Amino acid sequence: MTYDRQALYRELERDEGFREKTYRCTAGKLSIGIGRNLDDVGIRPAETAKLGITKASVIKNGITLDQAYGLLESDVADCERALDRSFPWWRKMTDNRQRVILNMCFNMGIRVLSQFKNTLRAMETGQYEVAAAGMGKSLWAKQVGRRATRLQAMMRTG
């Protein structure tokens, strides 16, 4: 790992927000904490063992910020593995740019992120202004607003 993990966690908490009770995200998925999708991911057995929570318990009782960060740690690790499989070059980018692609992967998932073919090619080849422009032209940017603007600036400046 070459990026500032704590900075990424702070950025994701800012962008996703923290909710101690379940809610429906913009995609209609039951979620909790810092963007944990309970419909698709749920609470894994290892997370139950480590954090003392289950899907049923968080639906009934909610979640603490510490528990949310435990889930966030797992979700970021999932994003890292997905990026390693699909775009191993991401680890060669600067700290800020690694956090950009991780943030995007966390927000939309690797399947949707993979559709940003020109933007990803620009990232891979070091054309960061082109990558930032591609990010800004997307439907995703319209949907997430200031988050996209911040991430574009990070992509441009490294």
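The values are calculated or read from the model by the stated rules, or taken from the named source; none is laboratory data. From a predicted model like this one, the values you see are computed outputs, not experimental measurements. Reconstructed Cβ throughout: ideal geometry from the backbone, glycine too, with neighbour counts over all protein chains shown. Please note that ligands, DNA and RNA were not included when accessible areas were found on the heavy atoms of the full protein model with its side chains. Shrake-Rupley method; radii C 1.70, N 1.55, O 1.52, S 1.80 Å.
Going through (1) open to solvent by less than 50 Å² (accessible area, probe 1.4 Å); (2) modelled with pLDDT of 95 or more; (3) part of a helix (DSSP H, G or I) one by one, Met108 falls short only on (2). Among the residues making up the range 114-155, those that are buried (at least 20 other Cβ atoms within 10 Å of the Cβ), more than 14 Å from Asn103 (Cβ to Cβ) and in contact (Cβ under 8 Å) with a residue 24 or more places away in the chain are Leu120, Tyr128. Only residues that are farther than 17 Å from Val76 by Cα, modelled with pLDDT of 95 or more and among the small types (Gly, Ala, Ser) were counted in the range 7-62, giving 5.
A single entry from Asp95, Asp75 fulfils the requirement of being over 21 Å from Glu129 (Cα atoms) and not small (Gly, Ala, Ser): Asp75.
If you go through the range 113-157 and pick out every residue that is outside any helix (DSSP H, G or I), closer than 23 Å to Asp4 by Cα and within 18 Å of the chain's Cα centre (by Cα), you end up with 0.
State yes or no: is Ser57 free of Cβ contacts under 8 Å to residues at least 60 places away in the same chain, in a helix (DSSP H, G or I), open to solvent by less than 80 Å² (accessible area, probe 1.4 Å) and closer than 19 Å to Leu102 by Cα? The answer is no for Ser57.
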